[in-house]
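The values are calculated or read from the model by the stated rules, or taken from the named source; none is laboratory data. Every value quoted in this text rests on a predicted model; they were computed, and no experiment measured them. Virtual Cβ from ideal backbone geometry, glycine too; neighbours counted across all protein chains shown. We work out accessible area using only protein heavy atoms, side chains counted, and drop any ligands, DNA or RNA first. Shrake-Rupley method; radii C 1.70, N 1.55, O 1.52, S 1.80 Å.
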Amino acid sequence: MPKRILTRDGDMLDDIVWRHYGRQDVVPAVLEANQDLSLQGPVLPAGMILVLPDVPVPADAPVIRLWS
């Protein structure tokens, strides 16, 4: 179920995404879920309601070792 959050003064989208998901590759999904968010500047105003969609957890990447 998507989560809704209320922005605080000085919030930035990449910081919100990192705090909620722990990774940055979800920013496009958050922008898609919040249609007018791309019209805002880098620092979001306080009091905006953002939808943080559910996204699949990425599969573990294989470990590549250069030396055994």
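A compact table of results
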| quantity | calculated |
| --- | --- |
| Unmet criterion (only one of (1) surrounded by 15 or more Cβ atoms within 10 Å (Cβ to Cβ); (2) farther than 25 Å from V57 by Cβ) for N34 | (2) |
| The range 1-23, subset under 14 Å from D54 (Cα atoms) and in a loop (DSSP other than H, G, I, E, B), residue most open to solvent (accessible area, probe 1.4 Å) | M1 |
| Those residues of the range 37-53 which are in contact with a helix residue (DSSP H, G or I) (Cβ under 9 Å, 6 or more places away or on another chain), of a type outside the set (A, V, I, L, M) and surrounded by 10 or more Cβ atoms within 10 Å (Cβ to Cβ), in sequence order | Q40, P53 |
| Extreme residue, nearest to P58 (Cα to Cα), among residues of the range 18-31 that are touching a residue at least 24 places away in the same chain (Cβ under 8 Å) and hydrophobic (A, V, I, L, M, F, W, C) | V26 |
